[in-house]
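Accompanying notes for the structure given below.
The values are calculated or read from the model by the stated rules, or taken from the named source; none is laboratory data. Computed from a predicted structure; not experimentally measured. Note that we place each Cβ from the backbone using ideal geometry, even for glycine, and neighbour counts take in every protein chain shown.
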Amino acid sequence: MNAWLIEREGYEPENTADNGNRFLIGNGFIGVRGTLEEYGADKMAALNLAGIYDRAEGQTWREPVNAPNGLFARLENTGNILKHKQSLDIRHGLHSRETVYEHAVLRIERFASMAEPNVLCQRIFVEPKGGPVTLVCGIDADVWDINGPHLMDFKSEGGDILKVSALTYEQKLPITVYEDCNRAHDEIRVNGNSIFRVFNVAERFVLERAITVNAEPVAGSYDSRLAAHKAVWERLWRNSEVKITGDGNAQLSLNYSLYHLHSIAPRHADGLSIAARGLSGQVYKGAVFWDTEIFLMPFFTLTEPSLARKLVQYRINGLPGAVAKAGEYGFDGAFFPWESQDGGIEGCTDFNVTDVFTNRPVRTYFRDKQIHISGDIIYALCRYMDWTGDTGLWDNGGLELARACAEFYLSRAYCRPGSGVLEWTDVVGPDEYHERVDNNAFTNRMAAFTLERAGMAREWRGPKLSGGVVEQFDGYFALEDADLETARGRLRHPKEYWGTQSGVAFSTKIIKQADVLALMNLFPNEYTDEEVKTNWLYYEPRTEHGSSLSACMYALGACRFGRAELAYPLFLKSARADLDGGGKSWAGNVYIGGTHPAASGGAYMIAAHGFAGLRLAGDKPELNPCLPETFDSLEFPFILRGKQMKARVTHGRHGIE
Ligand code: IFM
């Protein structure tokens with residue numbers, strides 16, 4: 001098995017959505033969905049741009065902008081498809097397709113340059129089998145939009161270099177796509193806002209194209225660009241490759257996860273973070289959630305601290321927005337956006353789900369009650385400083401951030417008369433199916449952690465236990481103990497949202513995703529292995545895993561009590577989320593498909609912190625392995641306080657050099 005190659009045989013337009021995610025390429029600035037070159041908006045073709053947002057006319061939601069598709073290419077007069085294969089070299093972010101038609105063979109390779117973030121490269125190979133065929137390629141303005149259209153005032157120019165430029169609707173931000181190629185065309189074809197070159201191809205033909213988005217085009221050959229691109233990938237793998245022997249499937253799946261994380265990391269810019277669906281489209285409004293702090297930061301902190309620092313800096317820069325949001329609700333300090341757009345603007349609305357039966361917006365409480373977000377950010381900041389030793393960040397915005405978040409938690413807290421003990425009531429925890437609950441154990445701990453780190457500690461309401469099980473929130477134990485199948489059986493529509501007060505989970509103990517287990521993983525020293533086990537056995541059967549963030553938390557928990565066989569399928573589920581596809585694509589009538597970076601980050605967490613059991617004891621790294629039976633060894637580099645280290649685990653031996 002080649003652990004660096006993803007392949008699918010057969011032309012499958014019915015799998016457009018999953019393949020678009022599965023074969024995504026990206027370089028932090030541009031994400032190119034894994035759609036075929038001839039696809040348009042109806043098949044979700046998109047060049048998704050990081051950090052450029054727009055609210056289209058009459059729309060409530062802002063979302064990131066998709067650029068006109070400079071990679072468009074279509075072969076005409078080919079006859080039927082006889083054979084088709086799509087593949088992705090995940091070591092180097094190189095996408096290929098090969099289609100054998102009745103009258104020609106078409107091969108196209110493309111990559112999003114890691115060396116030049118504004119550049120996409122494409123090499124097209126055509127071999128006619130009899131008479132001539134026609135290749136049409138250029139810049140197609142017909143790209144996928146969820147809440148568009150975002151682009152207007154289009155201008156198209158033909159010549160040696162093709163150009164399509166447009167402005168966004170809201171802020172009139174310029175989006176410009178250039179296309180340059182190494183051969184003279186036979187004809188220029190203009191179709192609405194799109195512009196194409198036409199080549200009449202009578203014999204073997206190779207065309208190399210460079211597409212430049214929002215920058216002036218610079219000359220360069222395909223091969224030299226490919227070499228520079230691959231060199232960057234090799235450098236990234238040097239610090240991040242996790243080697244597994246004995247289990248090819250696990251190796252491939254983890255490589256695939258790390259491939260995605262590298263492809264969406266905003267190395268090219270300061271002031272950007274990573275959206276919950278990466279660069280796979282406009283889903284979740286291209287917004288940054290707690291996914292980044294809790295599920296992505298561990299990977300970058302250990303393998304690329306400079307990138308992790310950028311992610312923290314994004315939140316430091318977002319402080320004014322968070323202060324404004326707290327003020328909007330009448331609180332002090334900083335209440336970070338649940339769905340952060342641009343430099344920290346809240347993108348979440350009060351009506352974030354649409355009812356499948358009435359198509360009416362449903363009141364949700366993610367925006368105003370999911371207050372653990374501010375604590376998650378401080379948690380990630382402190383974890384970053386612990387592992388990197390970059391304590392300078394504390395004096396450069398970190399402390400101010402922690403204090404502002406602590407002030408928010410103080411002003412948001414409730415204190416029973418005369419008790420002096422802080423409680424956080426009317427909140428939503430990580431399990432979003434139970435809204436407006438009191439004393440969610442996870443939220444309380446995050447709030448208290450923030451107060452401690454800001455030097456403002458107070459007495460707070462800790463978790464309530466019954467028979468060793470932490471009650472997720474006040475009153476949880478009194479809910480109906482329906483099993484998953486019973487709850488599922490109550491659904492009246494396949495897209496129905498399980499949460500909100502009318503959802504099937506609300507009155508039951510069924511939870512969407514790890515909540516108490518997330519608490520136990522993030523505060524490992526506060527719970528014994530036995531306690532983790534008790535809570536895992538209680539909560540896991542009651543968890544729908546309706547979020548891709550869930551599996552990794554349970555896998556990490558299972559490793560704590562030495563049950564690798566429980567962790568292993570959850571590891572594969574996380575690592576293969578976008579490889580296998582088929583995940584939840586709808587929350588009510590809102591489309592939520594796309595890639596799942598948090599699951600990819602979760603897969604890394606399971607390998608490094610679960611299977612190898614890497615943790616910091618004071619300032620020393622140590623391993624506490626729980627290796628799956630199928631692994632012979634697990635080895636990975638990591639950076640601790642600027643020092644390059646390597647962890648190696650086999651059955652019976654482990655060590656760090
Ligand atoms: O942040 C998550 C949330 O926890 C569950 N719903 C999806 C969000 C984005 O991934």
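Below, the figures for the structure above:
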| read-out | value |
| --- | --- |
| Residue pairs meeting the criteria (Cβ under 9 Å; at least 6 apart or on separate chains; first more than 16 Å from ILE25 (Cα to Cα), in segment 579-598; second within 12 Å of the ligand (Cβ to nearest atom) and among the acidic types (Asp, Glu)) | ALA598/ASP291 |
| Every pair of residues 6+ apart whose Cβ atoms lie under 6 Å, when the first sits in segment 215-235 and is in a helix (DSSP H, G or I) while the second is among the basic types (Lys, Arg) and buried (at least 17 other Cβ atoms within 10 Å of the Cβ) | TYR222/ARG123 |
| Residue in segment 550-572 that is part of a loop (DSSP other than H, G, I, E, B), within 11 Å of the ligand (Cβ to nearest atom) and among the basic types (Lys, Arg) present | no |
| Residue within segment 198-209 that is within 24 Å of GLU116 (Cα to Cα), within 30 Å of the chain's Cα centre (by Cα) and modelled with pLDDT of 95 or more present | yes |
| Counted residues, segment 426-485 - those being surrounded by fewer than 23 Cβ atoms within 10 Å (Cβ to Cβ), out of contact with any Asp or Glu (no Cβ under 8 Å at 6 or more places or on another chain), touching a residue at least 24 places away in the same chain (Cβ under 8 Å) and acidic (Asp, Glu) | 6 |
| Hey, PHE72 touching an Asp or Glu at 6+ places or on another chain (Cβ under 6 Å), assigned to a strand (DSSP E or B) and of a type in the set (Phe, Trp, Tyr) or not | yes |
| Leading residue by the ranking (nearest to the ligand (Cβ to nearest atom)) among those in segment 529-548 that are in contact with a Ser or Thr (Cβ under 9 Å, 6 or more places away or on another chain) and not hydroxyl-bearing (Ser, Thr, Tyr) | GLU544 |
| Only one of ALA210, ALA265, ALA250 that is in contact with a Phe, Trp or Tyr (Cβ under 9 Å, 6 or more places away or on another chain), within 30 Å of THR134 (Cα to Cα) and away from the ligand (no atom under 16 Å from the Cβ) | ALA210 |
| Sole exception among (1) more than 9 Å from the ligand (Cβ to nearest atom); (2) crowded, with 24+ Cβ neighbours inside 10 Å; (3) touching a residue at least 60 places away in the same chain (Cβ under 8 Å); (4) at negative phi for VAL288, by number | (3) |
| In segment 77-108, the residues that are outside any strand (DSSP E or B) and over 22 Å from the mean Cα position of the chain (by Cα) | ASN77, THR78, GLY79, ASN80, GLU102, HIS103 |
| Within segment 581-628, tally of residues that are within 16 Å of the ligand (Cβ to nearest atom), under 15 Å from the mean Cα position of the chain (by Cα) and not in a helix (DSSP H, G or I) | 8 |
| Test: residue in segment 46-55 that is of a type in the set (A, V, I, L, M), in contact with a Lys or Arg (Cβ under 6 Å, 6 or more places away or on another chain) and more than 26 Å from VAL232 (Cβ to Cβ) | no |
| Number of positions in segment 368-425 that are more than 28 Å from the chain's Cα centre (by Cα), surrounded by 16 or more Cβ atoms within 10 Å (Cβ to Cβ) and outside any loop (DSSP other than H, G, I, E, B) | 6 |
| When residues of segment 17-40 are limited to those that are touching a strand residue (DSSP E or B) at 6+ places or on another chain (Cβ under 8 Å) and in a helix (DSSP H, G or I), the one surrounded by the fewest Cβ atoms within 10 Å (Cβ to Cβ) | ARG22 |
| Failed item in (1) β-branched (Val, Ile, Thr); (2) over 23 Å from the mean Cα position of the chain (by Cα); (3) outside any strand (DSSP E or B), with THR212 passing the rest | (3) |
| Residue list for segment 202-239, filter: out of contact with any Asp or Glu (no Cβ under 9 Å at 6 or more places or on another chain) and either within 15 Å of ALA73 (Cα to Cα) or not hydrophobic (A, V, I, L, M, F, W, C) (or both) | VAL206, LEU207, ASN214, GLU216, SER224, LYS230, GLU234, ARG235, ARG238 |
| Strands (runs of 3 or more DSSP E) enclosed by segment 109-201 - at least 1 residues per element that are in contact with a Gly (Cβ under 6 Å, 6 or more places away or on another chain) | 133-140, 161-168, 174-181, 187-191, 194-201 |
| Sole residue being within 23 Å of GLY40 (Cα to Cα) and out of contact with any helix residue (DSSP H, G or I) (no Cβ under 7 Å at 6 or more places or on another chain), chosen from VAL232, VAL198, VAL218 | VAL198 |
| Any hit, segment 488-508, residues being within 16 Å of the ligand (Cβ to nearest atom) and among the basic types (Lys, Arg) | yes |
| Test result for SER221, buried (at least 20 other Cβ atoms within 10 Å of the Cβ) and either within 16 Å of the ligand (Cβ to nearest atom) or at pLDDT 95 or above (or both) | no |
| Breaking point among (1) buried (at least 21 other Cβ atoms within 10 Å of the Cβ); (2) in contact with a Gly (Cβ under 7 Å, 6 or more places away or on another chain), for LYS573 | (2) |
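Conditions (1) hydroxyl-bearing (Ser, Thr, Tyr); (2) touching a Leu at 6+ places or on another chain (Cβ under 9 Å), marked per residue:
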{"residue": "PHE295", "(1), (2)": "no, yes"}
{"residue": "GLU304", "(1), (2)": "no, yes"}
{"residue": "GLN313", "(1), (2)": "no, yes"}
{"residue": "GLY321", "(1), (2)": "no, no"}
{"residue": "GLY327", "(1), (2)": "no, no"}
{"residue": "ILE345", "(1), (2)": "no, no"}
{"residue": "ASP350", "(1), (2)": "no, no"}
{"residue": "THR358", "(1), (2)": "yes, no"}
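For every residue, the table says whether it meets (1) outside any helix (DSSP H, G or I); (2) more than 16 Å from the ligand (Cβ to nearest atom).
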site	(1), (2)
SER280	yes, no
ILE294	no, no
LEU307	no, yes
ARG315	no, no
GLY321	no, yes
GLY327	no, yes
PRO337	yes, no
